[in-house]
Structure formats: C-alpha cells, structure tokens
Amino acid sequence: MQLNTEPKGVAAARLVIAIGSARGSLGASSRDIARRRWPGSPSLHEAIERKAAVSAMTPGSAGAGQEFISTELARDFIEAIRPFSVIDRLTAARRVPFVFPVPGESAAGFGGGWFGEGSAVPAGTTTSTNFTLPRTTAGVILVRSGELKDLTTPAHEIALRDAMTRATWAYLNQQFLDPSVTKVDNVTPASITSGATEVTSTGATGAAIKADFRNMLDAANSDLTSPIWIMRRRDAIYLAGLEGADGGLLFPNAPREILGIPTLLTSAVPATAGSPAEDRYVVLLDQESVLLADNGRLNVSVSTRATMEMRYDPQANSKTGNSTSVVSLFQTSSYAVKVVREIGWLRAHDAGVVFMQVSW
C-alpha cells in the first residue's frame with residue numbers, strides 16, 4: 001500500500017480508533033472495524049494482526065521489538081514527526097545499530113611522511129575506541145475524554161494524529177538538547193549537551209552576540225564537517241533583524257544561516273518562564289559527532305479500561321504498587337493512547353558540541 005495518498009501519521013491514529021472502538025480488543029473485532037472503515041489500508045490491518053498475539057518483553061530480551069507495529073506504519077508516523085523533530089532532521093549524524101560495538105576515533109590521527117625506496121612507511125598516531133548504544137525507549141501516554149468510536153471524520157483523525165505526534169517530538173527534542181539530562185544506564189541516554197563545552201554569553205548587543213557566536217566556533221576546536229546551529233525560531237528571527245553600526249544586517253542570511261552555517265529551528269529548546277524566556281540555549285553541533293540508533297520501531301497502544309497514574313513522573317512500579325494519583329478510564333469515560341519509540345543517541349566527540357545560554 002502507498003501511504004502517501006493520505007496525510008502522514010493518520011494510519012497510526014486510525015489504529016488507535018479501531019482498537020479503542022473495540023474496547024481494546026486486538027484481533028477479529030478491531031480488525032473488522034478497520035476493514036469496514038478503511039478498506040484500502042492493508043498496512044493498518046496488518047498492524048492490528050501483528051499486535052494481536054505478542055508477549056511481554058524488555059528491551060534487552062531475545063526477540064525484542066516484536067511487539068512494535070509494522071515498519072511501514074511506523075515509518076509513516078515518523079514522517080509526520082520529521083518536520084518538527086530535531087533528531088529526525090539531522091542529515092549527517094552517524095546511523096548505528098543498537099547493542100553492537102561501533103568503532104570510532106576519540107582523537108584525530110596524525111602522522112605520515114616521505115620515505116625513500118626500501119624504507120619503512122611512517123606510522124600514524126590515533127586514539128580509537130568502541131561505542132555501544134544500548135536499547136532505549138521513550139514513551140508518552142495521552143489521556144482524552146470521550147468515546148473513540150465517535151471519532152468518525154477525517155478532522156478527528158488529524159486531531160488525534162497531531163496530539164500523538166506533538167507529544168512524541170516535543171519530549172524527544174527536549175531530551176536531546178537539555179544539558180541537565182544525564183545518562184541512566186539502559187534507561188536514558190544523556191543529552192548531546194550534557195557535559196559538553198559551554199560558552200558564556202557576554203551580552204545582548206549585536207556586537208556581543210556576534211562575538212559570542214565566534215567564541216562558540218573557537219570552542220568547537222575541531223574541523224567541523226557538517227555543522228548546524230540549533231535554536232528557537234524566535235531567536236533566529238530576532239538575529240535576522242540585528243543591525244551593525246553601519247546600519248547593515250549583522251546576519252544577512254538569518255534565519256536560514258548564521259555565519260554561513262545552516263540553522264535547525266525548533267520550539268522545543270529548553271526554556272523557563274519569562275519574556276523573553278530565560279535559560280534558552282543555542283547549540284552548535286557537528287552532526288557527525290552524534291551516533292544515532294533508530295530502528296524505525298514504534299509501539300502504539302490504546303486502553304479504555306486501565307487505571308492511570310496521572311503524573312508526568314509516574315511513581316508506580318511492579319515492586320511498590322500504585323501511587324495515589326490514579327484515575328479510572330472506565331469510570332471517567334476516557335481513553336489512553338500510549339506511544340513508545342525505540343531510539344537512542346550518543347555524543348562520540350566532545351569537540352563537536354558547544355552550547356550557550358542566552359536571554360536576548
């Protein structure tokens with residue numbers, strides 16, 4: 001099936017509607033609903049059948065990934081995320097597999113020289129290491145009131161798709177960029193800015209801002225092969241209007257470029273309250289310094305009968321039991337949609353990431 005004949009990501013929303021309309025039942029009931037409402041979507045029918053009979057697992061277990069939806073449907077959903085996702089817009093990051101060691105250089109090689117006939121060829125010096133990215137998954141649960149069976153129009157499908165995609169890309173962007181996000185073994189990858197070089201802003205004047213950007217380039221201390229700036233769209237537009245002492249624009253190619261380096265704009269750069277928001281970051285990233293593991297796997301589940309812990313930092317687990325912040329979906333006529341994506345990253349070269357906190 002060619003999914004490009006319908007809006008990207010809508011197939012995943014239809015999966016939620018079909019399963020939810022069948023009261024969470026996977027199998028004949030939800031499959032029949034999908035076939036009746038969307039007869040031209042065999043990948044949707046296949047996704048329901050694939051999810052109908054899988055067992056519980058952990059990311060490191062044998063056969064990991066079998067509970068995820070079909071590759072075609074997952075790819076379609078990720079394509080809907082791409083325009084907003086920092087991670088999915090990195091064009092030159094090194095794509096690597098999970099678990100398997102990946103060779104790399106932790107320091108650049110140097111050496112070589114002329115040699116005469118019969119003489120030995122000089123040996124170069126380098127420092128190499130192996131990087132391994134464990135399987136890591138990120139997820140979010142959206143709780144909505146109402147009956148899924150009542151979502152009967154294309155507008156309903158788009159609205160549900162938008163809620164699912166927005167929750168996914170916004171969280172991953174923040175986790176990728178926030179310097180306070182540190183590694184938790186086999187759970188959370190550190191952000192690319194965690195422990196990276198930070199440049200201190202020297203002011204909000206045009207001259208100070210331009211000097212700060214040059215200081216970031218100097219701090220990178222490497223031959224940047226695929227550099228980009230990552231910043232808020234608002235900040236890039238602000239830079240586009242800055243004038244120098246002669247009345248000319250300081251950054252004439254902004255917001256597309258700053259000092260000849262392309263910008264990647266996102267609304268999910270970490271920030272706190274204020275006008276303008278404080279603790280905003282500008283990141284200089286050499287994309288080839290990032291190792292990115294992404295198998296294109298996505299798990300979408302729905303429930304109308306679960307009891308939900310209504311916290312952004314859930315405390316419940318299989319050992320300690322539930323917390324007190326719980327709501328019955330059945331009792332409140334609500335439904336929950338869980339979106340889980342298998343993805344991970346690693347900063348392989350410290351010199352490839354520099355960031356600066358700004359308050360222009």
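The residue that is modelled with the lowest pLDDT, among those in the stretch 260-281 that are of a type in the set (Ser, Thr, Tyr) and surrounded by fewer than 16 Cβ atoms within 10 Å (Cβ to Cβ), is 275.
No other residue among 179, 154 is closer than 30 Å to residue 22 by Cβ and touching a Pro at 6+ places or on another chain (Cβ under 9 Å) apart from 154. Could you pull out the residue among 225, 263 that is touching a Lys or Arg at 6+ places or on another chain (Cβ under 7 Å) and of a type in the set (S, T, N, Q)? After applying the criteria, what remains is 263.
Taking residues in the stretch 242-263 that are among the hydroxyl-bearing types (Ser, Thr, Tyr), and partners anywhere that are in a loop (DSSP other than H, G, I, E, B), the pairs with Cβ atoms closer than 7 Å and at least 6 places apart or on different chains are 263/255; 263/256.
Write out, first by first residue and then by second, each pair whose Cβ atoms fall under 9 Å of each other, whose residues are 6+ apart or on separate chains, and whose first residue, in the stretch 282-303, is at pLDDT below 90 while the second is among the polar types (S, T, N, Q) and assigned to a strand (DSSP E or B). The qualifying pairs are 297/137; 299/137. Selection of first residues in the stretch 335-360 that are touching a residue at least 40 places away in the same chain (Cβ under 8 Å) and more than 23 Å from residue 217 (Cβ to Cβ) and of second residues that are among the charged types (D, E, K, R) and in a strand (DSSP E or B), restricted to Cβ pairs under 6 Å at least 6 apart or on distinct chains, gives the following pairs, ordered by first then second residue: 335/144; 342/297; 343/294.
May I ask you to verify whether residue 109 is more than 24 Å from residue 300 (Cα to Cα), over 26 Å from the mean Cα position of the chain (by Cα) and either at pLDDT 85 or above or basic (Lys, Arg) (or both)? It is false that residue 109 is more than 24 Å from residue 300 (Cα to Cα), over 26 Å from the mean Cα position of the chain (by Cα) and either at pLDDT 85 or above or basic (Lys, Arg) (or both).
So which residues in the stretch 164-182 are of a type in the set (Phe, Trp, Tyr) and surrounded by 18 or more Cβ atoms within 10 Å (Cβ to Cβ), if there are any at all? Those that are of a type in the set (Phe, Trp, Tyr) and surrounded by 18 or more Cβ atoms within 10 Å (Cβ to Cβ): 169, 176. Count of the stretch 321-348 residues, restricted to those that are over 19 Å from residue 281 (Cβ atoms) and either touching a helix residue (DSSP H, G or I) at 6+ places or on another chain (Cβ under 8 Å) or outside any strand (DSSP E or B) (or both), is 15.
Summed over the stretch 145-186, the residues that are in contact with a strand residue (DSSP E or B) (Cβ under 6 Å, 6 or more places away or on another chain) and over 22 Å from residue 84 (Cα atoms) give a count of 2.
A single entry from 181, 187, 199, 143 fulfils the requirement of being in contact (Cβ under 8 Å) with a residue 40 or more places away in the chain, out of contact with any Lys or Arg (no Cβ under 8 Å at 6 or more places or on another chain) and under 25 Å from residue 293 (Cα atoms): 187.
Would a scan of the stretch 47-59 turn up a residue that is more than 30 Å from residue 186 (Cβ to Cβ) and at pLDDT 80 or above? Yes, that holds for at least one residue.
Of all residues in the stretch 32-43, count the ones that are farther than 15 Å from residue 151 by Cβ, in a helix (DSSP H, G or I) and more than 27 Å from the chain's Cα centre (by Cα). I'd like the intermediate steps shown before the answer.
Residues of the stretch 32-43 that are farther than 15 Å from residue 151 by Cβ, as a first pass: 32, 35, 39-43.
Narrowing further to those that are in a helix (DSSP H, G or I): 32, 35, 42-43.
Filter again for more than 27 Å from the chain's Cα centre (by Cα), leaving 32, 35, 42.
Looking only at that region, the number is 3.
Taking the criterion of being assigned to a loop (DSSP other than H, G, I, E, B), surrounded by fewer than 12 Cβ atoms within 10 Å (Cβ to Cβ) and at pLDDT below 95, the residues of the stretch 242-259 that qualify are 245, 246, 247, 248.
Conditions (1) within 28 Å of residue 330 (Cβ to Cβ); (2) at pLDDT 80 or above; (3) not in a helix (DSSP H, G or I), marked per residue:
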{"site": "8", "(1), (2), (3)": "no, yes, yes"}
{"site": "19", "(1), (2), (3)": "yes, yes, no"}
{"site": "30", "(1), (2), (3)": "yes, yes, no"}
{"site": "45", "(1), (2), (3)": "yes, yes, no"}
{"site": "62", "(1), (2), (3)": "no, no, yes"}
{"site": "67", "(1), (2), (3)": "yes, no, yes"}
{"site": "74", "(1), (2), (3)": "no, yes, no"}
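So, residue 239, is that one outside any loop (DSSP other than H, G, I, E, B) and out of contact with any Lys or Arg (no Cβ under 6 Å at 6 or more places or on another chain) or not? It is true that residue 239 is outside any loop (DSSP other than H, G, I, E, B) and out of contact with any Lys or Arg (no Cβ under 6 Å at 6 or more places or on another chain). Taken together, 193, 182, 152, 129 contain a single residue that is in a strand (DSSP E or B) and over 21 Å from residue 308 (Cα atoms), which is 129.
The values are calculated or read from the model by the stated rules, or taken from the named source; none is laboratory data. Note that the coordinates shown come from a computational prediction; the quantities given were computed from them, not determined experimentally. Heads up, the Cβs are rebuilt from the backbone with ideal geometry, glycines too, and the neighbour counts pull from every protein chain shown.
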